[in-house]
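The values are calculated or read from the model by the stated rules, or taken from the named source; none is laboratory data. Source: prediction; values computed, not measured. Neighbour counts are summed over all protein chains in view; Cβ atoms, including those assigned to glycine, are modelled from backbone coordinates with ideal geometry. For the accessible areas, the whole protein counts, side chains as well, though only heavy atoms, and no ligand, DNA or RNA atoms are used. Shrake-Rupley method; radii C 1.70, N 1.55, O 1.52, S 1.80 Å.
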Amino acid sequence: MAYRNSVQEPSPPRRAPRGRPRSDRAHRAILDAFLTRLIKEGFAGLRLEHVAADAGVGKATIYRRWPSKEALALDLLMQLAAPHIAIEDVGDTRAELLASVTNAMRAVTDTPFGPVIRALLSQIAINPALGDPFRASVVQRRRDEVARVIARGIDRGDLRADADIDVATELLVGPVYFRLMFGGELSQAFAERVVDSVLRGYAAPAARASKPTAPPPSTSQAELSR
């Protein structure tokens, strides 16, 4: 009988994975450097070699993560927009419609998303490599979220069953971006006016009838107002 050695042969050493592991710190540094350069120089004038130098990485490190300048811009936009899209179901249609406006408003006035979207608006309009995926991701997610708010309002009987969800969504969010582009105050009072205007067009008849109205002035008050 052949003798089998009880000592096992050592396993061959494992090959180290090719390439260097991704660095979260480098990833964040690239995005931060890109954001700073984008706001300062605009998209057309921005050079990725300058971003790489600012982030302390090689240009190849950027291209391992993002195949193009547009892909890097889209990633930045998605990260900045994400915290301001979700609208909580609070059981109050008007409050949720108001959140549809104020979420977008806060994103463009109080966070880096505002200056970044300003720097990229023209590119989103004319550059399909950026505009198409932006509309398919960030814009579509916001539209879907507002559509859910309107659908909940219809289910509660607060909004008309025939409400045009696409148009209602644009009526709520569109004014924010109009003022972002062309000027105008973005305030809580403005958001309230937008929502009240939408409700005048889309509130269900029963909900409109049940809305409390101010009592007519007394005779003495009417006389005083003359």
Using θ = phi - 60° and Karplus 6.51 cos²θ - 1.76 cosθ + 1.60, couplings along the stretch 29-41 (whole Hz; Gly, Pro as x): 5, 5, 4, 5, 5, 5, 4, 4, 5, 4, 5, 6, 10
For the stretch 56-97, compute Rh as the Kirkwood radius over C-alpha pairs and then the Stokes-Einstein diffusion coefficient at 10 °C and 1.306 mPa s; write the answer in µm²/s, rounded to an integer. 121
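What are the GluC sites (Glu not before Pro) within the stretch 122-202 that DSSP puts in a loop, where the Cβ has at most 12 other Cβ atoms within 10 Å?
E185
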With unit charges on the beta carbons (Lys and Arg positive, Asp and Glu negative) and the dipole taken about the Cα centre of the stretch 112-154, which residue among I150, Q123, P133 sits farthest to the positive side? I150
How large is the accessible surface per residue of the stretch 84-213, computed with a 1.4 Å probe and reported in Å² as a whole number? 51
Short version: ³J(HN,Hα) in whole Hz for each residue of the stretch 172-184, in order, from phi by Karplus 6.51 cos²θ - 1.76 cosθ + 1.60 (θ = phi - 60°), x for Gly and Pro, what are they? 7, 8, x, x, 5, 6, 4, 5, 4, 7, 10, x, x
Percentage of Cα-Cα pair distances in the stretch 156-197 greater than 11 Å, rounded to whole percent? 69
To the nearest 0.05, the calculated FRET efficiency linking A151 and A71 through their beta-carbon distance, R0 being 41 Å, is 0.80
Along the charge dipole of the stretch 80-203, which of V167, A81, A189 sits closest to the positive end, that is, farthest toward it, with unit charges on the beta carbon of Lys, Arg, Asp and Glu (+1, +1, -1, -1)? A81
How much solvent-accessible surface does R152 expose, in Å² to the nearest 10, with a 1.4 Å probe and all protein chains in place? 50
Calculated from backbone phi, Karplus (6.51, -1.76, 1.60) coupling profile of the stretch 60-72 in Hz, x at Gly/Pro: 4, 4, 5, 5, 5, 9, 10, x, 7, 5, 5, 5, 5
Taking only the alpha carbons of the stretch 13-125, the radius of gyration and the largest Cα-Cα distance, Dmax, both in angstrom, are 17.8, 65
Quick one: which residues, 5+ away or cross-chain, put their amide H under 5 Å from the amide H of L159? H built at 1.01 Å from N. I154, A204
Take the Cα pairs of the stretch 108-209, get the Kirkwood Rh, then feed it into Stokes-Einstein at 10 °C and 1.306 mPa s and tell me D in µm²/s. 105
